[in-house]
Amino acid sequence: FYKNQLNEKFDIILITWFTFNYIIETPETFLINVAKTLRPDAYIIFDLFYPKSLKRPEINDVWTEKKIKYKRKKILLKDKRKIDNEMEERLQIYEINGKQFKINTKRRYYSKKDIFEILKNIGLNNIQFIDNYDISTMHYLAKGEKTENNFICCCK
C-alpha cells in the first residue's frame, strides 16, 4: 500500500460526487490510505451516483442530443451511456461551430451493499446511508435493500 504522506489528521473527509466512482480497481487501497488520515471518531462521507442508464434503461447505449444557440455559436451536445454490470462507459461529443471535442470516461457504479462490504472489510464502522440528499432518510443498510438513486454514505 501507498504510505500516507500527510502528517495531518482530519475530523471529516468528504469524497465528492463521481470522485470515488472513477476508482475502477482496488478501491480498498484508496480507502485504507484515506482512513490513515482520520482522527479517532472522525467521519468519511461519500457522495455516490446512481447511473442514469440504470434509472432509465431506455437510454442505455442510445445517443441523446441537445442543440443550443448561444451568442452566435451553435452547440451540439451528444451523449451516450452504456452500463454493463457495474461499469458505465460514457461518450460525450461537443460540437461548437463545426469543431468537435470528444470525452470518453469510465466509472464504476457502487451499490449501497458494495460500499457497505468494502467499508466493513477495511475496518470502518457505523456505516449509514442517506437517500436523495435528504438527511431525514439516514439509516443503516436493511437486508435486501436496493439502490435506486444517488446516495450519501457516512462511516467512521
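The values are calculated or read from the model by the stated rules, or taken from the named source; none is laboratory data. Quick caveat: nothing in here was measured; it's all calculated off a predicted structure. When we count neighbours, we look across all protein chains shown, and the Cβ atoms used for this are built from the backbone with ideal geometry, even at glycine. Accessible surface areas use protein heavy atoms only, side chains included; no ligands, DNA or RNA. Shrake-Rupley method; radii C 1.70, N 1.55, O 1.52, S 1.80 Å.
Descriptive notes on the structure:
- In this rough spin-label picture, where each label sits 7 Å from Cα along the Cβ direction, the residue 67-residue 139 distance is 4.6 nm.
- Sorted peptide list for 38-50, 123-135, criterion being average Cβ within 10 angstrom, highest first: 38-50, 123-135
- Percent accessible area from carbon and sulfur atoms, the chain, protein chains only, probe 1.4 Å: 52 percent
- Nonlocal amide H pairs with residue 109, under 5 Å, H built at 1.01 Å: 87, 88
- Summed over qualifying helices (DSSP H, 4 residues or more, each -39500 (n - 2.57)) and divided by its residue number, the chain shows a 222 nm mean residue ellipticity of -4000 deg cm²/dmol.
- Here the label points at residue 58 and residue 25, each 7 Å from Cα along the C-beta direction, are separated by 3.9 nm in the simple model.
- With 0.36 nm allotted per residue and the present C-alpha distance subtracted, the residue 45-residue 96 stretch has 14.6 nm of extension available.
- Ranked by the mean number of other Cβ atoms within 10 Å of their residues, highest first, the peptides 144-153, 62-71, 89-98 come out as 144-153, 89-98, 62-71.
- Converting phi to 3J(HN,Hα) with the Karplus coefficients 6.51, -1.76 and 1.60 and the offset θ = phi - 60°, the range 58-63 yields 5, 9, 5, 6, 10, 6 Hz in sequence order, with x at every glycine or proline.
- A 1.4 Å probe run over the protein chains yields, for the chain, 66 Å² of accessible area per residue, whole-number rounding.
- Taking the DSSP bridge list for the chain and keeping only pairs wholly inside it, about 85 percent are antiparallel.
- In degrees, nearest ten, helix 112-121 long axis to first principal axis of the chain (Cα): 40 degrees
- Rolling a 1.4 Å probe over the protein chains gives residue 55 an accessible area of about 120 Å².
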